[in-house]
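Asker: Handing you a structure now.
The values are calculated or read from the model by the stated rules, or taken from the named source; none is laboratory data. Not measured: the values here are computed from a predicted model. All Cβ positions, even for glycine, are placed from backbone atoms using ideal geometry, and neighbour counts span all protein chains on display. Heavy atoms of the whole protein, side chains included, go into the accessibility calculation; ligands, DNA and RNA do not. Shrake-Rupley method; radii C 1.70, N 1.55, O 1.52, S 1.80 Å.
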Amino acid sequence: MLIPFLVLRYVDKLSLRESIAFLGLNRVDWRGLFLVLPVYFVLFALVSLPYQKFVAPLIENWTQSVPLFRIPSYSIFQDTPENIYSFPLVALLFLGIGNFLGEELYFRGYLMKKSAFLGKLNWIVNSVLFAVYHLWQVQQTWPLVGLVLAFGLLMALRKDLYILSVFHFLVNMWFAYGIG
């Protein structure tokens with residue numbers, strides 16, 4: 001989470017206030033948060049149901065057949081999502097800050113704005129980079145690779161980091177508890 005601030009400070013020579021504004025942390029799109037996000041999430045959930053039923057199992061079976069992609073027995077990701085999210089409260093707090101806010105701060109707040117020279121394809125490129133970043137979680141995230149475009153599209157539509165962080169949280173909880 002600190003990397004965007006450090007780069008903006010020491011490479012781009014922005015003050016803390018300017019960095020916060022660049023990352024989009026100085027404003028909240030309340031209309032997007034309370035009107036657009038619920039509708040967008042429901043649409044995402046409806047699209048993800050058939051995807052999870054027909055596409056994800058094929059990808060998951062393939063990843064399990066490749067020895068390199070197997071999850072080690074000592075990994076916390078070996079367990080079901082319910083066990084992953086049953087960490088102690090403090091661990092969940094750090095997971096939430098690092099995962100939901102940290103990833104969105106870097107990918108949509110910083111990287112998406114720095115790659116704006118890509119034009120209208122920027123949100124697609126950013127979504128693909130987000131998926132590539134998650135390659136270390138092959139069995140959990142590769143089956144979802146088709147759904148990752150929803151993150152970049154939402155940022156392209158609303159341009160609000162807070163909405164993306166809440167959406168990221170909702171998607172993670174949806175896949176942990178909603179359709180598991």
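Asker: Taking the conditions exactly as written (free of Cβ contacts under 8 Å to residues at least 12 places away in the same chain and open to solvent by 20 Å² or more (accessible area, probe 1.4 Å)), does Leu101 satisfy them or not?
Answerer: Criteria not met by Leu101.
Asker: Here's something else I'd like to know. Where the second residue is at pLDDT 90 or above and not in a helix (DSSP H, G or I) and the first is of a type outside the set (Asp, Glu) and lies in the range 108-136, which pairs have Cβ atoms under 6 Å and are six or more apart or on separate chains?
Answerer: Qualifying pairs under 6 Å: Gly109/Gly24; Asn122/Ser115.
Asker: Tell me which residues, restricted to the range 84-120, are modelled with pLDDT of 90 or more and outside any helix (DSSP H, G or I).
Answerer: Ser115
Asker: Could you grab the pairs with beta carbons closer than 6 Å, sequence gap of 6+ or different chains, first residue in the range 50-73 and in contact (Cβ under 8 Å) with a residue 40 or more places away in the chain, second one not in a helix (DSSP H, G or I) and not basic (Lys, Arg)?
Answerer: Within 6 Å, the pairs are Gln52/Ile179.
Asker: Can you list residue pairs whose Cβ atoms sit under 9 Å apart, with the first residue in the range 6-30 being open to solvent by 90 Å² or more (accessible area, probe 1.4 Å) and the second being among the β-branched types (Val, Ile, Thr) and modelled with pLDDT of 95 or more? Count only pairs 6 or more apart in sequence or on different chains.
Answerer: Listed pairs, sorted by first residue: Asn26/Ile20.
Asker: Also, I was wondering about something else. Residues in the range 138-149: is at least one on the phi < 0 side of the Ramachandran plot, part of a helix (DSSP H, G or I) and at pLDDT 90 or above?
Answerer: yes
Asker: Filtering the range 66-83 down to residues that are assigned to a helix (DSSP H, G or I) and aromatic (Phe, Trp, Tyr), which residue is modelled with the highest pLDDT?
Answerer: Ranking the candidates gives Phe69 first.
Asker: Where the second residue is of a type outside the set (Ser, Thr, Tyr) and open to solvent by 10 Å² or more (accessible area, probe 1.4 Å) and the first is under 18 Å from Val128 (Cα atoms) and free of Cβ contacts under 8 Å to residues at least 40 places away in the same chain and lies in the range 151-169, which pairs have Cβ atoms under 8 Å and are six or more apart or on separate chains?
Answerer: Within 8 Å, the pairs are Leu153/Trp123; Ala156/Asn122; Ala156/Trp123.
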